[in-house]
Structure formats: structure tokens, C-alpha cells
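The values are calculated or read from the model by the stated rules, or taken from the named source; none is laboratory data. Being a predicted model, the structure only gives us computed values, none of them experimental. Glycine gets a Cβ as well: all are built from the backbone with ideal geometry, and neighbour counts include every protein chain shown. All accessible areas refer to the heavy atoms of the entire protein, side chains included, with ligands and DNA or RNA removed. Shrake-Rupley method; radii C 1.70, N 1.55, O 1.52, S 1.80 Å.
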Amino acid sequence: MTGAVATLQALVAEGVDTIFGYPGGAIIPIYDALYDFKDQLHHVLVRHEQGGIHAAQGYARASGRVGVVLATSGPGATNLVTGLADALIDSTPLVCITGQVFAHLLGTDAFQETDIINITTPITKWNYQVTKAEEIPEALAKAFYIARSGRPGPVLIDITKNAQQQAFDAPDYRPCTHIRSYRPAPVVRPEYIEQAAALINSAKRPFILWGQGVVLGAAEREFRAFVEKSGIPAAWTILGVGALATDHPLNVGMLGMHGNYGPNVLTNECDVLIAIGMRFDDRVTGRLDKYARQAQIIHLDIDPTEIDKNVQTTVPVWGDCKETLPLLTALVEHKAHPEWLARFHDHMAQEVDAVIREELFPTSDELTMGEVMQQLNELTGGEAVIVSDVGQHQMVACRYARQNQSRSHVTSGGLGTMGFALPAAIGAKFGAPHRPVVAVIGDGGIQMTIQELGTIMQTGVDVKIIILNNQFLGMVRQWQELFHQRRYSFVDIQSPDYVAVAAGYRIAGQRVDARPDLRPALARMLAHPGSFLLEVMVTKENNIFPMVPQGCSVAEIRLR
Amino acid sequence: MDRQEYNITAYTENQVGLLNRIAIIFSRRKINIESLNVSPSEIEGIHRFNIVIVETEEVVHKLAKQIEKQVEVLKVYFNTNQDVIWQEMALYKVPTDIIAEKVLVERLLRENGARAVVIRKDYTVFETTGHREETDNLIKALQPYGLIEFVRSARIAIIKASDGFHLKLQEFEQREPSEEVAENEFLNDRDAVFTM
Ligand SMILES: Cc1ncc(C[n+]2csc(CCOP(=O)(O)OP(=O)(O)O)c2C)c(N)n1
């Protein structure tokens, strides 16, 4: 068979059902072979390779499976760069397959040749260039194994055109289960579990911070059992959202720069901090030298480079939290911490008074982003997959969306990539076809990947799009207002008539700028068979509070 | 914390592109590599990187973990100069006529632990091996006689205390012949590895 056929057989053998891609000269042989694989592999033709990789990310995050992307050499491959960087920092398992010029042309500046291996080295978990058909099965087997094992991440396989065309005797496909130099699943050490449990059992004011590691390890149940037995208040990073339902009594809210008041302030008052599958990102910790100095720190993580990277731990628990959490739960005492928990509730009450009530139930005439989320919560009952872009609306979506189940919020956390949400929502719908998918996007971000409306049109995928239009690059405007004396430098942005644009793509839509129309419009959107674009005109100059200003400690979070 | 020379030893698979992957770990933090040597190790298919940088222990800890995290890297150690036996090699090219005429060559060689590698009519090449001060000494001695060219190699280092990596690898592979098991001796040396 040819290398191209071997490539697709490998995808099928790995259980891939959906791939996102865009053809071109250097990958034509694989596309040619794909013509005969239509029954097994559903290919989604995106409108830009960046859209393709964000869609694959959305697919992976919503489904828990590996996202697959095809792109041609040169410009096709370089258009994947942002998505690779995004996927690496957010630990999203991807296998990207790029075409490359003929092997004999490598290094000659041939037409559409770029050195994509070197370009993507710092932004992939692993990459490899295939120059002979015989290498294909093994390279792909390794790619899938590396992408999804340990701490997941993006992998790129670059295949020269001759390797795609070459015929060879392909052996039966063998999935990879072991690489000599790669140890993704550490052996858990009981003594550290014991030390951690002893620390937790002696704690007066213990506090749990959880991140996406819980979701990536598919350890939501184990996590809940731990939280419920230990009775410890728990707060989440934006990628951890949903691992414990929003209205669980021990879920005390979101951490970080625009997180909730209590979790941030009380980080500096707890005596034992239990960090689970999170990496102490600077958006979460604020100033490190003033971060939880009083606390003993237990850090559960599968990636040893995260332990002690930013915050010095007292007890490191290296391992997959699916494995470590049950061991820990077995050793912790059944407890409740009513007074300590009440302090989170007190802070929440303050935050409701100062910020949340007015944001969700505004008394002014103008619509707020928060009330859109509030109405959406009421209509979906927390069952929708929310895909948010980057900016103020993202923080509002993360803060206020109700989530009853895991893998319900897809957003670009570590890289903060504008333009992520529309394609990621398309991917999320393919990854979780039976769930409603609602993208929440700013008027800035939508214009970065608006071409993917074409993908929606062509595939008929059902994605609900809410554009929260404040006529500004809102988050930058907020910083300029707060920290640059309101010098609004290039943040007012004009929009096209989105409803008309959607109509041009044969997508239904509506624009809302008055409160009485909001709920009916949301209901109409949700009831609509197929995609729908809803533009909501919201207050132009609203700020997201609370906020930990950059360079401040988490305890210095401002309510106003 | 004090910055000093650290010798980082990485055992890796022999893969195209890995040098770049490792180099990036330094360059993205704007750390200059003082010396870099890559060679096959005593184990077939396994290469050995010797990297010298001047940094604090804390930074070196984190770098070592980042390198070890790369898929094709088996194991990374780091040591101060006290903990390794290290050598650099230097070559010196000088005009033969001057040397022959003016210098007591034999004495020069003996005093500097050097040897002549090539003697031609037009020039002679000497070689010394040792620490920086030692190889520097011969430069000083030869400079007055018209040193034409000088070159020094990267540092190679062997860890004093270790029983060698070979044994360790055998252990790994015995314990982990297939998919599941992973060695976690990282945590055994928690103080050495995890404190920063
Ligand atoms: C690709 C990219 N470019 C620039 C930025 C910087 N940035 C962060 S938020 C933001 C404004 C987003 O504006 P909009 O999409 O309208 O959302 P809003 O904040 O108004 O909700 C910008 C420009 C970014 N995160 N990503």
C-alpha cells in the first residue's frame, strides 16, 4: 500500500472518526487516499488551518479523545502554530499531520517548503519528520501514544510527499505502548500519600485548588469522593471548571485574576493548600512571594516539572490523580469544616453585594454580559457545553456559567488565544454531538476567525453563537481605563452587521439590544434546529470585577 | 543563591532534532551554554550530552527536569565541578622554525604535559588535555613564539560517585519492559531533585 493509505489506516486503527483539515499540494496524496476512506473517517473542511487546529482542540476537550488535523506544507503548516502553542500550554492531545515537499528537496527552499519541525519544536510535546513510507505506521503509533499519555499534548508528524506516494509492504498496525525514554505514568509512592494525608488530617483550614488535571485524568468521581469525605472547600482554575458541579456545596468558586473574592483572599489564610492537577499559573497566583506563604502545600501532579516550579511544596505527590486521589481519600478522615467554609460564604455574600447582583440582575437599562449568562443558565439548566473566546466575556462566561458536568467549558486558558471559540465550538459539537454547544465570543474575537461560519454552513453542524458586542476590545480597554489613565489606544472596534453576515452563510440570526428581547431570543436560539447567531449589544464600558491587579498578591483582590 | 559551573549530563536516544529541543530549553530562558559536547555513550543507541552552564542550583534543577521531560531523553544528572572528573582538550599551532630554534621543546612539553601531534616544516601542532588553567598555561608559554592558531574542545565529564548509567538503564528496563510501570526514583532523591 502507499504511505498515504498507511497513514489513514493508522488513524482508523487508533479509533479516529473525525479529522479537521485543509488540502494542498504537499498533502494531496493523503487527500486522494481519503477519498476512499469517506465511510470511516469524517473529514471536516475548515476555512483556515488555524480554524482546523482550534476545532480539533475543541473536539479533544469536549470528547476526551485525540484531535486530528491535516494540513499542507508551508503556509498550511505555519497556520497551525498558534493552535499548537495553545494546545501545548493547555495539555490538549492532538495529532497534526502536515505534508512536506519531496525528501530530495528538503532544505532547498522548494515551493511551499518550511522547516515546520524546527518551527514547532518548542510548541509540541513531540514531533517527527517522516521521509520514507516504512516509517509511517511506527511514527503515527508513537504520535498517538505520546499525545494522549502522561500529561497530554500536541504532536506533529511531517510527511514528505514521496513518503505518501511510495508503495511498501505495510505490516499490521501495532499501537505503541512503550517508548524506551518516555515514562508517562509514574509509580505512585505510598509514603508521600501518607504524609499528605497526615497533613490534611491535622489541618484546621485546609483548602483545595483543582485544575484540568482532574479532567485530563478522568478523575472527576475520585475527586468528588475526596472532596466530600474530607469536607474541604475547593476552588477551580478556569480549565478545571466543571470537574465538580458549580452548585456543589463545597465548590467555593474560581481562582485567579478575575476569580471569586473568597478563594483568592482565603488562599492567604489557609493552613494546608492541596493543589490537584493545576500548575500555579501566574494568573492564578498573582505575586508569588506573597502567595500562600503561611500554608503547607501538597501538590498532586502527573508532570514532575510542575512540582516546585512556581510554588515550593511540602509534600509532592507525583502521579496520575486518578490513581493518587483514591489512595489519599482512603487515608483522610471524614470531616466537615463548617466555620472555615462559612468564611467563603461570607466573602461570597460580599461579592454578590458588590458585583454579582448588579451584573446578573442589572438595574440600569443597558444589557450586561452577566445577565446573558444568567438567562442562558436558566434556559439550559447547566447542560450546555460553553465555548468561550478571550476577553471580558470569557471571564464572565467562566465566572457565571453553570456547569453540571465535566468537559462543559472549552476555553483557551494558558495562551489566551482570541479567535479560538468559533472553530473550537465547531470541534466541540463534533466531539459531543448530543450536547448543546454554545459559543460565547466578543466582537473582537469573532472577527479573527469569522470565516469558520463557512465550515458551519457546509457541514451543517449545530453551534449556537452568542456575540457579546461591547463595541470595544473590552479587556484591553479595561486595563487602559484602570492602569493607563483611560487612554483608549486602538480599542474601539467596528463590527459588520453580524446577522447579515450570518445570513450570507445561510445561518439564522438575531440582534438584541433591549432587555425584554433577550430571553425570548435566547430561547429561540436554543430551540432553533441548526446553528444560530445571536448578537447581544451590551454596556460599552463595563469592567470585570473582582480583579487581582497584576503584580499584586491574591489577598489584595479588588472588589471594585 | 550562588551561581557556579554546573555539568549537566543527559542520556538520550539518538534522534534527529533532539539537540534543538534541548538547546531551546536554555535559549528560551536566555541562558548561555558555556560548553556542549555530544557523543555516543557506552550503551548502544544512547547518546550522552555534556552541557556546562553557570547558574544557580535552583535554576539547574528546573532545567534538568525540563530536559528529562523531553520524550527522547532517558535521564539527566547535574553536578558541580567537585563531583565530576572533567577534561578539555586543546590544540596549538606554532611555526616550527621558531620553536626549533628558540625553545627547549622537550622541557616545554614536559612542563605542560603536552605532546606534539604533528611536526611539519612549516608548523608544529601540540596538544594538551586538562582543566582550563592547565590548557591556558601552554598558550602563555607559546604566545612569545608566534602562536598561529589555538582551539579548545568542549568539556567532557564523568560523574565521580555514579556507578555509571548503564546499570541504571538496565534497572529501568527490567522494571519497565512494557507499557505500565515507571521508575520513580526521582522521588527517592527528593531533597536533591525536588528542592529549589
Ligand atoms: C490573538 C490575540 N491577540 C490579542 C490578544 C490580546 N487581547 C486580550 S483580550 C482582548 C480584547 C478582546 O476583545 P473582544 O473580543 O471584543 O472581547 P471583550 O473583552 O470585549 O469581551 C485582546 C485584544 C489576545 N488575547 N489574542
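Some points to look at:
- Efficiency of FRET from Cβ geometry, A:His528 and B:Met1, R₀ 41 Å, rounded to 0.05: 0.10
- Normalised per residue, the accessible area of the range A:146-225 is 40 Å², obtained with a 1.4 Å probe and no contribution from ligands, DNA or RNA.
- The residues packed around A:Gln350, meaning those with a beta-carbon under 12 Å from its beta-carbon, carry a net charge of 0 if Lys and Arg are +1 and Asp and Glu are -1.
- Under 5 Å, built H, 5+ apart or other chain: amide partners of B:Ala114: none
- Less than 5 angstrom separates the built amide H of A:His409 from those of A:Ile386, all sequence-distant by 5 or more or on a different chain.
- Prolate is the label for chain B. Its Cα gyration tensor axes, ordered a ≥ b ≥ c, give a/c of at least 1.5 and a/b above b/c.
- Peptides ranked, highest mean first, by Cβ atoms within 10 Å: ranges A:379-390, A:345-356: A:379-390, A:345-356
- The phi-based Karplus calculation (6.51 cos²θ - 1.76 cosθ + 1.60; θ = phi - 60°) puts the 3J(HN,Hα) values of the range A:115-120 at 7, 5, 5, 6, 4, 9 Hz, whole numbers, x for Gly and Pro.
- Projected label distance in nm at A:His434 and B:Glu106, using a 7 Å step from Cα toward the beta-carbon: 9.4
- B:Val54 versus B:Ala23: modelled label distance in nm, points set 7 Å from Cα along the beta carbon direction: 2.2
- With every protein chain in place, the range A:462-544: carbon and sulfur % of accessible area (1.4 Å): 52
- Spherically averaged projected area of the convex hull of Cα atoms, the range A:1-92: 5.7 nm².
- Note on A:174-186: average number of Cβ atoms from other chains within 10 Å of each residue's Cβ is 6.
- Phi angles of the range B:146-161 translate, via the Karplus equation with coefficients 6.51, -1.76, 1.60 and θ = phi - 60°, into HN-Hα couplings of x, 4, 8, 7, 9, 8, 10, 7, 5, 7, 10, 9, 10, 6, 4, 7 Hz per residue; Gly and Pro are given as x.
- Under 15 Å, Cβ to Cβ, from B:Asp2 - net charge with Lys/Arg +1 and Asp/Glu -1: -3
- Phi-based couplings in Hz for the range A:540-545 (Karplus 6.51, -1.76, 1.60; Gly and Pro marked x): 5, 10, 10, 10, 8, 10
- Listed by chain and number, the aspartates and glutamates whose C-alpha is less than 13 Å from the C-alpha of A:Lys540, apart from same-chain residues fewer than 8 away, are A:Asp365, A:Glu366, A:Asp443, A:Glu481, A:Asp492, A:Asp513.
- Residues along the range A:310-325 losing 30 Å² or more of accessible surface when the other protein chains are present rather than the chain by itself (probe 1.4 Å): A:Gln312, A:Pro316, A:Trp318
- Site pair A:Gln350 and B:Glu134 shows an inter-label distance of 6.7 nm when each label is modelled 7 Å from Cα along Cα→Cβ.
- Dimensions of chain A based on its C-alpha atoms, expressed as ranges along the principal axes with the largest first, amount to 70, 61, 42 Å.
- Dividing the summed helix terms, -39500 (n - 2.57) for each DSSP H run of n ≥ 4, by the number of residues in chain A produces a 222 nm estimate of -10500 deg cm²/dmol to the nearest 500.
- Accessible surface, per residue, of the range A:312-447 when the full set of protein chains is kept, probe 1.4 Å, Å²: 34
- Globularity index of the range A:1-55, i.e. its alpha-carbon radius of gyration over 2.2 N^0.38 Å: 1.09
- For A:Met254, distant residues with modelled amide H under 5 Å away: A:Trp236, A:Asn260
- Over 25 Å between alpha carbons, listed pairs A:Lys229/A:Lys322; A:Lys322/B:Lys168; A:Lys132/B:Lys62: A:Lys322/B:Lys168; A:Lys132/B:Lys62
- Chain B and chain A together bury an accessible surface of about 3100 square angstrom, both sides counted, with a 1.4 Å probe and no ligands or nucleic acids included.
- Proximal charge balance of A:Tyr22 [Cβ under 13 Å; K/R count +1, D/E count -1]: -1
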